[in-house]
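Enquirer: Starting off with a structure, shown below.
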Amino acid sequence: MAELLEELLARCRNGDDDAAEILVRRFRRWAMDLASHILGDQHLAEDAVQEAFVAALQRLDDLRRAEAFPGWLRQIVRTHATRIARGRRERPGGAAGSPPDSGPGPAQRAIDDEVRCLVRHAVAALPDPARDAAALFYLNELDHYRVARSLEIPAGTVKRRLYDARQALRDGLIDSLGEPAPRTPGGERRIPF
């Protein structure tokens, strides 16, 4: 039987390394999904998640209610991932020593990058519940059940949040992209991500 979160956090506060390991294992996948969404890079996401767990374990006394832990940790992960992303943008030239890309030409890559940027900004502008679900589903390509597990909500709630997100994104993306989105076989416009 899984240990209650409140008991697990109490053990962590008392310096129990086994409890800290269990806590990290329990929330790591979810934290990685969030950090990967923010950073778009698995290795940087791992760094952000590791830093976030270290910070969270050091600051457990700041947490008042055990049931608030997932949201509290989510904010810590966001903070660390955003800091890493900001540092990455500030470095001139990006990653040094990257091998040349043999994919699409520079013009197509620029167009693709611009579309991805528009979509990411549109998702980031959504209200919080819809934003988290849309980011994990569309940008990280998780299925409904993994999104539900990551956000600790029922799959039906995920579907409703995705519906709300699609409604909010549809007009904004069509305006930004300057052309109607392609339609699905059912006649619904498909969001281009």
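Enquirer: Out of all the residues in segment 97-117, is one or more at pLDDT below 90, in a helix (DSSP H, G or I), under 20 Å from ASN140 (Cα atoms) and in contact with a Leu (Cβ under 8 Å, 6 or more places away or on another chain)?
Expert: Among the residues of segment 97-117, at least one is at pLDDT below 90, in a helix (DSSP H, G or I), under 20 Å from ASN140 (Cα atoms) and in contact with a Leu (Cβ under 8 Å, 6 or more places away or on another chain), which makes the answer yes.
Enquirer: Same structure again: Could you list, in sequence order, the residues of segment 44-73 that are hydrophobic (A, V, I, L, M, F, W, C) and more than 13 Å from GLU6 (Cβ to Cβ)?
Expert: Applying the first criterion (hydrophobic (A, V, I, L, M, F, W, C)) to segment 44-73 yields 44-45, 48-49, 52-57, 60, 63, 66, 68-69, 72-73.
Hits for segment 44-73 are LEU44, ALA45, ALA48, VAL49, ALA52, PHE53, VAL54, ALA55, ALA56, LEU57, TRP72, LEU73.
Enquirer: Part of a loop (DSSP other than H, G, I, E, B), touching a helix residue (DSSP H, G or I) at 6+ places or on another chain (Cβ under 8 Å) and either at pLDDT 55 or above or not β-branched (Val, Ile, Thr) (or both), is that true of ALA133? Quick ask: steps written out before the conclusion?
Expert: On the way: part of a loop (DSSP other than H, G, I, E, B): no; touching a helix residue (DSSP H, G or I) at 6+ places or on another chain (Cβ under 8 Å): yes; either at pLDDT 55 or above or not β-branched (Val, Ile, Thr) (or both): yes.
No, not satisfied.
The values are calculated or read from the model by the stated rules, or taken from the named source; none is laboratory data. Values in this document were obtained by computation on a predicted structure and should not be read as measured data. Every residue, glycine among them, receives a Cβ derived from its backbone with ideal geometry; neighbour counts consider all protein chains shown.
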